[in-house]
Amino acid sequence: MEQRTVGRSGLRVSRIGLATHTWGSHTDADEAAVQLVAFVEAGGTLVDTSPAYVGGGAQRILAELLGDLVSRDDLVLSGCAGVAPHVLPAPAGPAVPQPTHAAVDTSRRALLRQLDRTLLELGTDHLDIWNVAVWDPRTPLDEVAATLEQVVRAGKVRYAGVRGFNAWQLASLASVVPLGAAQTPYSLLARSAETDFVPAALHHGVGVIASAPLAGGILTGKYRDGVPADSRGADEATAAEIRSRLDERATRVVDALVTAADGLGTSPLAVALAWIRDRPGVTSMIVGARDIGQLTGVLAAETLELPRAIAAALDDVSARTE
């Protein structure tokens, strides 16, 4: 898998990253192990986790796999802090806690406490990328910046980053402390990042990590003929969000993806990922998979090169007119 430099830093990561946000809910520990091995064998390095995923369950599963199954040195671990853990419900099986509203706190005390717990739980002395997970208007910007500088100097973090920031928030923090990466939703159905977020990141030398590049699975084409019973669109926790995005524009984009995939002999999923992978400023994209079958489809996008005409057609059909 091709490795890319993150912004103007010296860090290199795979241009496809592995998301772990369903580990412990939709993806059990055995399946997670199979995914991680396949990802590393394909040349993948960037693995994204958080103490907030599945109430900390995803991070605990990853901890069990590091060392024995996959060498820590083979991975670029990306974590975060600033929000309280929440839980994603499993689609079936024993009852689990319902999602809770995350409590935002990016004070020095909260950030350092979460970082120390993450390092202890993962059994590592550092994270390669550590992200402030959300903008907290109650915490002074200087305090957040000083905390990031502190953990980098201490060697607990190699590169600082952000998630859940908008463009002006990213620019504000990047103006006072060096940032390596910035994670933001970006897909054929979510292109608002192109207006100001990506330009801000490029200006400050920050690498953009695209999250939700498949728009919750919509861009795989799975919702063309209804809502599959095992999909996020059928899950109580995510159904409303998914269904609200199944509009006429989504239909046009998915139809274009299917047409392109048929012509290229691949899947709509691979076409959608190849498109976002090649957007200006994008270093990598974080993609989750419930099982090894889905991950195999994701990894297939690595070798797909979109013809310019197809990329341009997707640009046009996905452009917002309002």
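The values are calculated or read from the model by the stated rules, or taken from the named source; none is laboratory data. Because the structure is a prediction, the values reported are computed rather than measured. Using ideal geometry, Cβ is built from the backbone for each residue, glycine included, and neighbour counts are taken over all protein chains shown. Side chains included, ligands, DNA and RNA excluded: accessible areas come from the protein's heavy atoms. Shrake-Rupley method; radii C 1.70, N 1.55, O 1.52, S 1.80 Å.
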Exercise. Considering each of 54, 34 in turn, give the residue that is of a type in the set (Val, Ile, Thr), farther than 30 Å from residue 203 by Cβ and out of contact with any strand residue (DSSP E or B) (no Cβ under 8 Å at 6 or more places or on another chain).
Key: 34
Quiz item: When the stretch 26-46 is examined, which residues are found to be open to solvent by less than 20 Å² (accessible area, probe 1.4 Å) and in a loop (DSSP other than H, G, I, E, B)?
Solution: 44
Quiz item: For the subset of the stretch 3-25 comprising residues that are surrounded by fewer than 21 Cβ atoms within 10 Å (Cβ to Cβ) and basic (Lys, Arg), which member is farthest from the chain's Cα centre (by Cα)?
Solution: 8
Quiz item: Of the residues that make up the stretch 48-57, is at least one closer than 17 Å to residue 284 by Cα, in a strand (DSSP E or B) and open to solvent by less than 30 Å² (accessible area, probe 1.4 Å)?
Solution: yes
Quiz item: Among the residues of the stretch 37-50, how many are more than 20 Å from residue 207 (Cα to Cα) and among the charged types (D, E, K, R)?
Solution: 1
Quiz item: For the stretch 62-77, what are the residues that are open to solvent by 20 Å² or more (accessible area, probe 1.4 Å) and part of a helix (DSSP H, G or I)?
Solution: 63, 64, 72, 73, 74
Exercise. Look at the stretch 148-206 and say how many of its residues are under 21 Å from residue 315 (Cα atoms), free of Cβ contacts under 8 Å to residues at least 60 places away in the same chain and among the charged types (D, E, K, R).
Key: 1
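Yes/no matrix, rows are residues, columns are (1) closer than 19 Å to residue 278 by Cα; (2) of a type in the set (A, V, I, L, M, F, W, C):
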position	(1), (2)
161	no, no
170	no, yes
185	yes, no
200	yes, yes
203	yes, no
Quiz item: (1) among the small types (Gly, Ala, Ser); (2) modelled with pLDDT under 95; (3) buried (at least 17 other Cβ atoms within 10 Å of the Cβ): which one isn't true of residue 229, the others all being true?
Solution: (3)
Exercise. Counting only residues that are crowded, with 16+ Cβ neighbours inside 10 Å and within 19 Å of the chain's Cα centre (by Cα), give me the helices (runs of 4 or more DSSP H) lying completely in the stretch 242-322 with at least 1 of them.
Key: 268-277, 292-299
Practice problem: Go through (1) part of a loop (DSSP other than H, G, I, E, B); (2) in contact with a helix residue (DSSP H, G or I) (Cβ under 9 Å, 6 or more places away or on another chain); (3) modelled with pLDDT under 95 one by one and return the number of the condition residue 218 breaks. | Solution: (1)
